[in-house]
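As structure tokens, the structure follows; a few thoughts come after it.
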Amino acid sequence: MNGIRMWLKKIKKHLGILPSLVFMLIMFWAGILNSIKAMFNFNLLREIVFSREFIVSTKYTLRLSLFSILSVAFVSIIGIFILYLLSINLSEEKLKKIRVLTLFPMYIPYILAGYMFSLILSQSGIISTIVYKLGFIENLSEFPALVNEPRGYSIIFTYAWKASPFIILMVFPNILRINKDWMDVARVFGVGKFYFFRKIVFPLIMPLYISSLFIVFAHILSSFEVPYLLGVTYPRTLSVLAYEKYARNSVSNREVVLVMNGIIIFITTLIGMIIYYSNKSLREGTELELEK
Amino acid sequence: MKKLVFLILSLVILLSCGKKLEQKDVFSMSWDEIKANAKGQEVSITMWGGSKEINLYFDNFIAPNLKEKYGVNLRRVPVTDIREATNKMLVEAKAKGKAGSVDVIWLNGENFHFVKNNDLLLGDINSILPNINNVDKIALASDFGEPVEGLEAPLGQANFIMISNIKNPPTNTKALKEWLKNNKGRFTYPNSNDFVGNAFIRTIAVDILGRTDFQVEDMKPVWDYFNEIKPYLWREGKTYPESSERLSDLFSSGEVDFTMSYAPSIVENKVATGEFPKGTSAFVFDVGSFTNNHYLTIAKNTKNPEASLVFINYMLSEEAQSEKLKSSVWGDGSVLRSLQKVYFEPQLEELGPKITEDIKDEWNKNVAQKN
């Protein structure tokens with residue numbers, strides 16, 4: 001009797017998370033598991049994977065995500081470098097204020113960011129109109145097509161603008177933690193700011209930098225709104241393709257959509273695992289260096 | 001023991017709940033009798049509640065007038081998806097002899113197909129309504145390919161229209177091609193997954209094939225036409241707007257000279273707000289404008305068939321329809337012949353759902369993916 005009471009008491013504590021657990025199980029994991037289950041229909045899987053539409057979409061998605069993540073990596077490392085330069089001279093209070101400013105794009109949803117860039121960059125957009133008014137082009141259509149074109153410039157722009165602050169947010173505490181004394185010591189030995197950044201700061205933030213880049217990459221790979229809004233009719237990214245198949249009246253497409261989702265999950269997991277294992281060794285490396 | 005008795009008792013009480021249905025046979029009554037019986041009854045309308053304008057139209061115009069003229073109280077039951085209500089009707093119909101919660105319901109297309117085939121409707125109400133005689137005949141024939149058979153009365157109409165601000169716009173495929181050759185990059189249409197883009201493709205198909213009973217296999221000449229005009233489209237046809245709203249954006253910002261829609265009131269509204277340039281007007285292709293209707297119908301197990309009939313009949317009156325037509329109120333097309341505008345003629349009946357679905361894939365395969 002007592003044992004049961006104890007057990008009940010124990011269970012009661014954990015009962016609180018039951019609603020969220022059930023919710024996650026039903027809404028989230030059920031979807032993922034269903035997608036994976038659908039992939040075991042090998043005939044359907046083969047049919048989808050070898051269809052031209054799917055191959056073109058996969059290539060397009062991977063290429064677009066790769067360029068996007070490279071641009072995010074580039075923009076964010078510049079941002080981090082600037083913050084690092086500022087952190088040398090500015091007090092922590094001021095630095096935090098600046099940080100809030102740099103985080104501004106994070107507060108805007110992706111779909112709005114996408115819409116914003118289409119307003120700014122399109123042929124009848126803000127930049128194009130300014131250039132036209134200034135007389136650099138004679139016709140609005142002379143302005144290069146940056147929105148809804150196959151190379152996805154505006155998609156890459158949007159991600160660079162929207163995702164870089166996230167990386168900076170993740171990495172920023174590590175920059176603050178860098179001991180000011182180290183900098184002084186480095187100065188004594190005649191080490192420049194850039195050299196210090198390359199040899200000390202960058203290796204320190206590297207593991208976090210890479211893993212946050214991966215989070216962003218996983219998001220970009222499977223995200224829908226931005227390529228839907230700014231992409232072209234053909235080729236489409238995998239998620240847009242899956243959505244368009246889903247948004248039909250017919251139920252027979254559901255299996256196809258589940259398989260596509262399964263494939264997106266599979267690719268993301270695969271890349272995640274590669275990064276995780278290579279990153280682990282990276283992290284161990286930095287820790288060793290710190291101990292020295 | 002006490003608890004058990006209480007449980008059983010409450011179950012019995014619960015089960016006996018729900019009003020007994022004492023429905024009179026309205027089909028044997030005269031219209032005057034129906035009107036007399038309707039007085040003092042309450043009628044509910046189950047409808048999509050997502051539009052402020054539409055809700056206000058029912059609350060501020062229809063409800064007070066109905067009360068004043070016929071002594072009928074109108075209660076609006078908003079739902080987010082009419083399928084919720086039709087599923088409920090199916091469940092309630094299983095409780096025979098009990099009154100259901102739905103009186104009048106607003107629907108069309110596949111939802112009508114669902115309630116009709118599950119035998120959830122009162123019957124041939126159109127044979128009773130006096131105002132049905134003024135209604136457009138096409139609206140009474142079929143609802144997205146499903147024969148109406150008098151089971152539902154049309155409330156409003158949507159027309160597929162082309163919108164432009166140029167003078168003498170091309171109204172057939174030949175003229176369109178000529179115009180495109182002289183005005184490169186000034187025209188495009190939403191892709192086939194969009195409801196409106198799909199209607200444009202169907203219109204072109206009807207024009208080229210010269211008939212409406214075609215299958216997707218017959219559409220080779222149509223795809224040829226689209227591929228021929230492709231180099232002259234906006235962005236040389238490398239991409240298409242994903243929705244008609246996006247096309248309207250392009251039109252407002254002056255990138256193209258045409259847009260298209262299923263809601264004719266959009267022209268007046270957007271010219272008024274300045275989004276569309278002045279001089280913008282609607283036109284239709286020579287082959288016609290795809291027309292579909294939305295309907296009101298009465299549930300089989302309604303408590304108030306008389307009030308429901310009076311309500312629907314009032315909705316078909318010139319007063320209710322002309323108010324609804326005002327773009328400041330709702331801007332929904334009228335089903336009365338006297339109020340229909342001439343430029344939406346000739347009307348084309350909607351093709352079935354199968355061809356619409358097939359076009360989505362085939363257009364992608366044969367037009368979008370060809371370079």
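A few remarks follow.
- Out of B:203, B:188, B:259, one residue alone is within 11 Å of chain A (Cβ to nearest Cβ), touching a residue at least 40 places away in the same chain (Cβ under 8 Å), buried (at least 19 other Cβ atoms within 10 Å of the Cβ) and within 26 Å of the chain's Cα centre (by Cα). It is B:188.
- Top-ranked residue of region B:113-125 - restricted to ones that are assigned to a helix (DSSP H, G or I) and modelled with pLDDT of 90 or more, ranked as nearest to residue B:298 (Cα to Cα): B:125
Quick grid of which residues meet (1) among the polar types (S, T, N, Q); (2) part of a strand (DSSP E or B); (3) in contact with a strand residue (DSSP E or B) (Cβ under 9 Å, 6 or more places away or on another chain):
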site: B:231; (1), (2), (3): no, no, no
site: B:251; (1), (2), (3): no, no, yes
site: B:259; (1), (2), (3): yes, yes, yes
site: B:275; (1), (2), (3): no, no, no
site: B:278; (1), (2), (3): no, no, no
site: B:292; (1), (2), (3): yes, yes, yes
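Residue-wise test of (1) among the β-branched types (Val, Ile, Thr); (2) over 26 Å from residue B:227 (Cβ atoms); (3) surrounded by 19 or more Cβ atoms within 10 Å (Cβ to Cβ); (4) under 18 Å from the mean Cα position of the chain (by Cα).
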site: B:323; (1), (2), (3), (4): no, yes, no, yes
site: B:329; (1), (2), (3), (4): yes, yes, no, yes
site: B:333; (1), (2), (3), (4): no, yes, yes, yes
site: B:338; (1), (2), (3), (4): no, yes, no, no
site: B:351; (1), (2), (3), (4): no, no, yes, yes
site: B:360; (1), (2), (3), (4): no, no, yes, no
site: B:365; (1), (2), (3), (4): no, no, no, no
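- Within region B:342-361, the set of residues being at pLDDT below 80, away from chain A (no Cβ under 11 Å) and either assigned to a helix (DSSP H, G or I) or closer than 12 Å to residue B:161 by Cα (or both) comprises B:342, B:343, B:344, B:345.
- Some residue of region A:99-117 being more than 18 Å from the chain's Cα centre (by Cα) and among the charged types (D, E, K, R): yes
- Annotation: residue A:200 fulfils all but one of (1) in a helix (DSSP H, G or I); (2) touching a residue at least 40 places away in the same chain (Cβ under 8 Å); (3) farther than 20 Å from residue A:29 by Cβ; the unmet one is (2).
- Residue that is in the same structural domain as residue B:228 (by TED's automatic domain parsing) and modelled with pLDDT under 90, where the choices are B:194, B:143: B:194
- Count of residues meeting criterion [part of a helix (DSSP H, G or I), touching a residue at least 60 places away in the same chain (Cβ under 8 Å) and at the interface with chain A (Cβ under 10 Å from one of its Cβ atoms)] in region B:362-371: 4
- Residues of region B:137-160 that turn out to be part of a loop (DSSP other than H, G, I, E, B) and surrounded by 20 or more Cβ atoms within 10 Å (Cβ to Cβ), as a count: 3
- Selection from region B:78-97 of residues that are touching a helix residue (DSSP H, G or I) at 6+ places or on another chain (Cβ under 8 Å) and either without any contact (Cβ under 8 Å) to a residue 24 or more places away in the chain or surrounded by 15 or more Cβ atoms within 10 Å (Cβ to Cβ) (or both): B:79, B:82, B:86, B:89
- Check on residue B:211, within 14 Å of chain A (Cβ to nearest Cβ) and either among the charged types (D, E, K, R) or assigned to a helix (DSSP H, G or I) (or both): no
- Test: residue in region B:132-148 that is free of Cβ contacts under 8 Å to residues at least 40 places away in the same chain and on the phi > 0 side of the Ramachandran plot: no
- The set of residues in region B:238-247 that are in contact (Cβ under 8 Å) with a residue 40 or more places away in the chain and more than 9 Å from chain A (Cβ to nearest Cβ) comprises B:243, B:244, B:247.
- Residue within region B:219-235 that is within 12 Å of chain A (Cβ to nearest Cβ), surrounded by fewer than 21 Cβ atoms within 10 Å (Cβ to Cβ) and touching a Phe, Trp or Tyr at 6+ places or on another chain (Cβ under 8 Å) present: yes
- Filter pass, residue B:205 being in contact with a helix residue (DSSP H, G or I) (Cβ under 9 Å, 6 or more places away or on another chain) and either at pLDDT 95 or above or over 30 Å from residue B:35 (Cα atoms) (or both): yes
- Neighbours by Cβ (under 7 Å, 6+ apart or cross-chain): first from region A:112-141, over 20 Å from residue A:158 (Cβ atoms) and more than 9 Å from every other protein chain (Cβ to nearest Cβ); second modelled with pLDDT of 90 or more and surrounded by 12 or more Cβ atoms within 10 Å (Cβ to Cβ): A:137/A:131
- Failed condition for residue B:303, given (1) more than 30 Å from residue B:133 (Cα to Cα); (2) basic (Lys, Arg); (3) over 25 Å from the mean Cα position of the chain (by Cα): (1)
- Those residues of region A:134-178 which are under 28 Å from residue B:239 (Cβ atoms), aliphatic (A, V, I, L, M) and buried (at least 17 other Cβ atoms within 10 Å of the Cβ), in sequence order: A:140, A:145, A:146, A:147, A:155, A:156, A:160, A:163
- Of the candidates A:22, A:72, the single residue that is outside any loop (DSSP other than H, G, I, E, B), more than 14 Å from every other protein chain (Cβ to nearest Cβ), surrounded by fewer than 12 Cβ atoms within 10 Å (Cβ to Cβ) and not aromatic (Phe, Trp, Tyr) is A:22.
The values are calculated or read from the model by the stated rules, or taken from the named source; none is laboratory data. Only a predicted model underlies this, so the values are computations on that prediction, with no experimental measurement involved. Glycine gets a Cβ as well: all are built from the backbone with ideal geometry, and neighbour counts include every protein chain shown.
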